[in-house]
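This report refers to the structure that appears directly beneath it.
Computed from the coordinates by the stated procedures, all read-outs in this text should not be read as laboratory data. If you're wondering where the values come from, they're calculated on a predicted model, not measured in any experiment. Ideal geometry is used to build each Cβ from the backbone, glycine not excepted, and the neighbour counts take in all protein chains shown.
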Amino acid sequence: MRSDHRAALGIDVISLNAVGGRKSKDMADGRRWGGYYFWPAHGFDGQVSDQDRDFFKLHYQYHPKNVGLIHEVREIFELEDGPAFWKLSGSNLKECKFQVAEQSDSFAILRSRIRQLVGV
């Protein structure tokens, strides 16, 4: 029998600020911040800002299709070339959330990612 992580932890949502992307300055040692891409790739989701949507509408009118209309990063990751697009053109996510319940989309994405990385 599987336990419900949400009940075991006593929390419903994990929320963080996912920093990085085209508008972020480098770290002091010159490395780039990557949370804006890393966390969504592992099941967290956040709102695409109005400024990002405007940027996408202006610079990416045709591919990925309708990217300027999308409101959630998870939706971008589901598009053809979406993860690569977000890595290139995405930016900070002020509130990036992971739904802790086992049946959530967040956990489904995390399980899939773990299978990809370690084959479990």
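Things worth noting here:
- Modelled label positions at ALA28 and ARG113, each set 7 Å beyond Cα in the direction of Cβ, lie 2.8 nm from each other.
- Across the chain, Cα pairs under 8 Å and at least six residues apart give a relative contact order of 37 percent.
- In the chain, taking the dipole from charged Cβ atoms about the Cα centre, the farthest positive-side position among GLY10, ILE109, SER24 is held by SER24.
- Using 0.36 nm per residue and subtracting the Cα-Cα separation, the extra length available between TYR60 and PHE38 on full extension is 5.7 nm.
- Test item: Cα-centred dipole of the chain, Lys/Arg +1 and Asp/Glu -1 on Cβ, debye: 320 debye
- Rg to Rh, two decimals, where segment 13-59 supplies the alpha carbon set and Rh follows Kirkwood: 1.01
- Angle in degrees between helix 50-59 and the longest Cα principal axis of the chain, rounded to the nearest 10: 50 degrees
- Taking only the C-alpha atoms of the chain, the Rg (one decimal) and the largest Cα-Cα distance, Dmax (whole number), read 15.4, 50 Å.
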